[in-house]
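Written below as structure tokens is the structure these notes are about.
The values are calculated or read from the model by the stated rules, or taken from the named source; none is laboratory data. Since the structure is predicted, the reported quantities are computational estimates derived from the model, not experimental observations. Here the Cβ is made from the backbone with ideal geometry for all residues, glycine too, and neighbour counts use every protein chain on show. Calculation scope for accessible area: heavy atoms of the full protein, side chains included, ligands and nucleic acids excluded. Shrake-Rupley method; radii C 1.70, N 1.55, O 1.52, S 1.80 Å.
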Amino acid sequence: MNLVAVSSKPTVADYRQVSASIEIQVRNMFFSFPDDIPEFWFHQNPLLTLLLTALSSAFPEGERQFIHSVRLYQSQIKDPVLLKQVRAFIGQEAHHGKEHDGLNTMMLKKGYPVDRIYKRFKKMNRLMQTQFSPAHQLACTVCMEHLTAILADYFIATAPEDLALFNAQVRKIWAWHAIEETEHKAVAFDVYQSLVNRPYFLRLVMLETTLSFVMITTRGTIELLQHSGKQGDLKGVYQGLHYLFGRKGLIRRISRPYLDFFSADFHPWQHDNRNQVNRLKQQYLA
């Protein structure tokens with residue numbers, strides 16, 4: 001039963017019931033990335049491909065930090081359903097790091113210095129683990145999980161047709177990652193709500209996290225684009241920027257769900273895209 005649909009004014013407790021009903025499945029995938037995959041495998045566009053490469057390069061270390069921050073609270077979780085979901089969250093995130101290592105290795109073979117981004121995130125993880133409190137680390141994970149969830153939802157529900165813009169040999173890893181990010185999008189949030197529950201602090205951390213995410217991703221994308229030699233391709237750069245920032249661009253279309261995070265009654269499952277996720281599972285994971 002869709003609890004959100006039957007209530008005229010659903011509460012956070014209603015959304016938590018939806019969250020508790022989600023089956024989070026750990027899937028052991030074995031993607032391969034042959035050498036004949038084109039260099040610019042998203043929309044045949046250097047800027048967009050290298051933006052996604054910068055994100056992919058950040059995933060292995062980023063996922064490790066997500067796991068670390070949730071494990072700091074794992075022993076305190078009393079709800080058996082949430083504890084089971086935390087274990088599945090850890091399993092999924094570990095596999096995301098492993099599979100994106102493969103995609104990143106492909107780009108490394110093509111001559112892109114993705115290892116610089118790896119090292120940068122490893123250094124940032126060490127800094128967070130030594131300088132941030134457990135609550136701050138968990139809050140950062142909650143915020144990054146929201147950012148990844150709304151990016152995933154773009155390809156799941158907002159513009160699923162854009163999955164066709166990926167080269168067929170890399171499309172499945174992004175579809176699979178989007179599905180699993182959606183399955184566990186509320187886990188860190190539910191842990192935070194049950195064991196920390198400092199909403200104003202969480203909103204401040206979202207501002208901090210968003211700024212950091214934009215700065216680091218932009219830096220990585222610019223480095224990779226400069227390495228490609230395509231920074232002077234004005235048509236390609238314009239096409240990429242239009243895809244991101246145009247009137248119907250990705251950024252504008254995810255802005256509303258991003259801002260929902262700052263509402264007093266926010267819960268990740270208020271964006272209920274289970275039906276669209278199930279369709280994507282049938283298409284890519286059946």
| message | If I fit a long axis through the Cα atoms of helix 250-260 and take the longest principal axis of the Cα atoms of the chain, what angle between them do I get, 0 to 90°, rounded to 10? | response | 20
| Peptides 196-206, 10-20, 254-264 ordered by average Cβ neighbours within 10 Å, highest first | 10-20, 196-206, 254-264
| query | How far is it, in nm, from the label point at ASN197 to the one at GLN231 when both lie 7 Å from their Cα along the line to the Cβ? | reply | 5.0
| field | Solvent-accessible area per residue, Å², over segment 40-285 with all protein chains present [probe radius 1.4 Å] | value | 45
| said: Please compute the modelled spin-label separation between VAL214 and HIS242, points set 7 Å along Cα→Cβ, answer in nm with one decimal. | reply: 2.3
| Euclidean distance of C-alpha centroids, segment 127-149 and segment 27-52, integer Å | 28
| said: Just to be sure I follow the rule: in segment 40-285, considering lysines 8 or more places apart or on different chains, how many pairs have Cα atoms under 20 Å apart? | reply: 17
| Relative to the longest principal axis of the chain, what angle (0 to 90°, nearest 10) does the C-alpha long axis of helix 46-74 take? | 30
| What FRET efficiency do you get for ASN278 and GLN44 if R0 is 22 Å and r is their Cβ-Cβ distance, rounded to the nearest 0.05? | 0.15
| note | Taking Cα atoms only, helix 134-153 is inclined relative to the longest principal axis of the chain by an angle, in degrees rounded to 10, of 60
| message | So, R0 is 25 Å and r is the distance between the beta-carbons of SER263 and PHE132; what FRET efficiency does that work out to, to 0.05? | response | 0.50
| message | Starting from the 7 Å offset along Cα-to-Cβ, what nm value, one decimal, do you get for the label separation of SER75 and GLU161? | response | 5.3
| message | Could you tell me the relative contact order of segment 40-285? Use alpha-carbon pairs under 8 Å, at least six residues apart, and round to a whole percent. | response | 30
